[in-house]
Amino acid sequence: MADYSKYQGKHADWTGAFPAAPRYFVDPEGVPFGVLAMNEGIATIMPKLPQKRYHPDGQDIANWRILLYSRTKGDVIGDTDFYDAMRRLAMGGYILDDNGENVLIKALTLTELDALMR
């Protein structure tokens, strides 16, 4: 997991950010996974450890994805592994703040969202 500690204390404005809410699915092999969404042009509040926070029906979910939605295209542009994306977001300087449980991710452009899938 990426180290977000360097972002603590910036006290960025979280008020207009979209809080990512989990959705749950089952893959073709029957393995459950969770999905959190990010939207183009909107700052996002993302949990740092969704596998520790969310337990639908008491079930542990180890696999998490981030769904990327483009307002410009009006459609989903793809999805990516949660942990890889969070590492890339931290390394790219896109995380504005950290409150211990969540991080505040800056509003990303379509190009930046697309780069998360690469």
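For residues in the stretch 40-85 being among the charged types (D, E, K, R), surrounded by 16 or more Cβ atoms within 10 Å (Cβ to Cβ) and closer than 14 Å to Glu112 by Cα, which is nearest to the chain's Cα centre (by Cα)?
The qualifying residue nearest to the chain's Cα centre (by Cα) is Asp79.
Pick out, from the stretch 1-116, the strands (runs of 3 or more DSSP E) lying fully within it that include 1 or more residues that are without any contact (Cβ under 8 Å) to a residue 24 or more places away in the chain.
23-26, 75-81
Considering only the stretch 86-118, state which residues are of a type in the set (Ser, Thr, Tyr) and either under 13 Å from the mean Cα position of the chain (by Cα) or surrounded by 17 or more Cβ atoms within 10 Å (Cβ to Cβ) (or both).
Tyr94
Is it true that Pro28 is over 21 Å from Met117 (Cβ atoms) and out of contact with any Gly (no Cβ under 6 Å at 6 or more places or on another chain)?
Considered against the rule, which asks whether it is over 21 Å from Met117 (Cβ atoms) and out of contact with any Gly (no Cβ under 6 Å at 6 or more places or on another chain), Pro28 comes out as no.
Read-outs: derived from the displayed coordinates by stated rules, not from any lab. Everything numeric in this text was worked out from a predicted model, so none of it was measured. Cβ coordinates were reconstructed from backbone atoms using ideal geometry, including for glycine residues, and neighbour counts include every protein chain displayed.
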